[in-house]
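Engineer: Attaching a single structure in structure tokens format; questions to follow.
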Amino acid sequence: MPTTLIFATNNTNKVKEIKSVVGENLIVLSLADAGINIDIPEPFDTLEANATEKSTVIHQLTKKNCFSEDTGLEVAALNGAPGVKSARYAGEGRDFQSNIDLLLLNLQHEHHRAAQFRTVISLIWEQQEYLFEGICTGKISHEPKGTKGFGYDPVFIPDGAIISFAEMTMDEKNQFSHRKKAMNKLIDFLMQKLS
Ligand code: ITT
């Protein structure tokens, strides 16, 4: 019997990416799939605290096993910004293009363009919380390229690649992805619990 987990997110891009990496043993239900319409706030100043908040809110509501994730783009020359504020970097509108524009503006005269995506997953499994981290290192390009993916994908080139995440298919992005690395840890954990 496959295990079912609710994924506490309203970000449909994340749901697509996660569904593309789980095998047959795990069924992932988005909030929409589970019939839950709620906007969970992310008020804290760490990815860990926000991920915990999201999974806890959904667990209290459903009493079911669930997980959430919070991801930030951490740019070395900007002392780790936008980091936990990645979604709202250019304002409450959470607009991907405005966020990219502001990032490129802030890095205009910067040669050192190292950055990383960091994902923290909070899993609530049988009333206990477990955290898993995934990191993808890379650099911020000078101009956006590509139309696939979401968020900062057009300006992020992962180490080991010469094209941006937004120029990659989902399978290609998954070979590097922070989210996939964190998700693999969650899947390994569940396989051990269920074996
Ligand atoms: P939740 O419902 O899961 O909270 P969200 O869109 O608020 O969804 P986050 O706070 O985790 O998600 O993400 C912060 C932002 O970081 C997100 O809006 C994107 O702009 C960016 N981001 C996250 N993962 C990304 C990825 O894989 N590629 C590019 N940008 C990404």
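A short reminder: the numbers here are calculations on the coordinates, not readings from a lab. Model, not experiment: these values are computed from the prediction. A quick note on method: Cβ atoms are made from the backbone with ideal geometry, for glycine too, and the neighbour counts reach across all protein chains shown.
Engineer: As an exercise, find the ratio Rg/Rh for segment 47-134 from alpha-carbon atoms, using the Kirkwood inverse-distance average for Rh.
Structural biologist: 1.10
Engineer: No solvent, one uniform scatterer per C-alpha: report log10 I(q)/I(0) for segment 138-188 via the Debye equation at q = 0.27, 0.32 1/Å, two decimals.
Structural biologist: -1.00, -1.25
Engineer: Another one. Note down the Stokes-Einstein diffusion coefficient of segment 9-89 in µm²/s, whole number, using a Kirkwood radius over alpha carbon pairs, 20 °C, and 1.002 mPa s.
Structural biologist: 154 µm²/s
Engineer: Using 0.36 nm per residue of separation minus the Cα-Cα distance, give me the extension gain between Q60 and E24 in nm, one decimal.
Structural biologist: 10.3 nm
Engineer: Enter the per residue convex hull volume of segment 1-46, computed from alpha-carbon coordinates, in Å³ rounded to the nearest integer.
Structural biologist: Expressed per residue, the convex hull around the Cα atoms of segment 1-46 is 91 Å³.
Engineer: If I take R0 = 41 Å and measure r between the Cβ atoms of L78 and M191 in this structure, what FRET efficiency does the formula 1/(1 + (r/R0)^6) give, to the nearest 0.05?
Structural biologist: The pair L78/M191 has a calculated efficiency of 0.60.
Engineer: Over segment 1-75, what relative contact order in percent results from Cα pairs under 8 Å that are six or more residues apart?
Structural biologist: Computed value for segment 1-75: 38 percent relative contact order.
Engineer: Given points 7 Å out from each Cα along the Cα-Cβ axis, report the Q97 to D159 separation in nanometres with one decimal.
Structural biologist: With each label point 7 Å from Cα toward Cβ, the separation is 3.4 nm.
Engineer: Can you return the aspartates and glutamates within cross-link range of K193? Criterion is Cα-Cα under 13 Å, with same-chain partners fewer than 8 residues away left out.
Structural biologist: Qualifying aspartates and glutamates at Cα under 13 Å: E126.
Engineer: Taking the radius of gyration and the Kirkwood hydrodynamic radius from Cα positions alone, what is the Rg/Rh ratio for the chain, to two decimal places?
Structural biologist: 0.97
Engineer: Tell me, in nm to one decimal, what length is gained between A114 and K16 on full extension, where the rule is 0.36 nm per residue of separation less the Cα-Cα distance?
Structural biologist: 32.6 nm
Engineer: To continue, here is another question. Could you calculate, for segment 74-122, the ratio of the Cα radius of gyration to the Kirkwood radius, expressed as Rg to Rh?
Structural biologist: Reported Rg/Rh, Kirkwood definition of Rh: 0.98.
Engineer: Kindly state, as a whole number, the per residue volume in cubic angstrom of the convex hull around the alpha carbon atoms of segment 101-172.
Structural biologist: It comes to 119 Å³ per residue, whole-number rounded.
Engineer: Evaluate E = 1/(1 + (r/R0)^6) for D33 and L131, where r is the Cβ-Cβ distance and R0 equals 22 Å; express this FRET efficiency to the nearest 0.05.
Structural biologist: Step by step, r from the Cβ atoms, then E = 0.40.
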